[in-house]
Amino acid sequence: MFLVEEINVNVTDIDGKEYIELDTVEVKGSKYVYLVSTNDDKDFLINKIVLDNGKEYYESLESNEEFQIVLLNFIKKNKSVINEL
């Protein structure tokens with residue numbers, strides 16, 4: 001018998017694909033989100049969360065350097081989970 005735990009997840013549509021919000025981190029005062037496709041766990045995005053008129057929106061990262069810095073922060077935050085894989 002398995003215990004099933006119900007969790008709430010945020011799902012968003014980006015360019016016709018559904019992505020699940022897996023995690024967020026804050027880097028240098030900005031908030032970032034790690035999104036993974038509902039159909040392919042190798043298809044992921046990292047976007048910046050911006051506030052406009054009180055609503056949160058996803059924005060593409062400005063550079064590869066920004067991507068690398070934010071990805072490193074996600075890895076550091078989830079190091080114990082990654083080590084279990």
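Please treat every number below as a calculation from the coordinates, not as lab data. These numbers come from a predicted model, not from an experiment. Cβ placement follows ideal geometry from the backbone for every residue including glycine, while neighbour counts extend to all protein chains displayed.
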How many residues of the range 72-85 are under 14 Å from Lys28 (Cβ atoms) and touching a residue at least 24 places away in the same chain (Cβ under 8 Å)? The answer is 1
Within the range 1-48, of all residues that are among the basic types (Lys, Arg) and over 19 Å from Ile69 (Cα atoms), the one nearest to the chain's Cα centre (by Cα) is Lys42
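Could you please give the count of residues in the range 1-48 that are of a type in the set (Phe, Trp, Tyr) and within 17 Å of Lys76 (Cα to Cα)? Break it down into steps so the answer makes sense when it comes.
Initially, the range 1-48 is screened for residues of a type in the set (Phe, Trp, Tyr), giving 2, 19, 32, 34, 44.
Narrowing further to those that are within 17 Å of Lys76 (Cα to Cα): 32, 34.
Looking only at that region, the number is 2.
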By residue number, the members of the range 27-85 that are within 21 Å of Val11 (Cα to Cα) and among the charged types (D, E, K, R) are Lys31, Asp40, Asp41, Lys42, Asp43, Lys48, Asp52, Lys55, Glu56, Glu59
Taking the range 1-17 and keeping only residues that are surrounded by 12 or more Cβ atoms within 10 Å (Cβ to Cβ) and farther than 17 Å from Lys48 by Cα, one is left with Lys17
In the range 61-71, anything touching a residue at least 24 places away in the same chain (Cβ under 8 Å) and surrounded by fewer than 16 Cβ atoms within 10 Å (Cβ to Cβ) is listed as Ile69
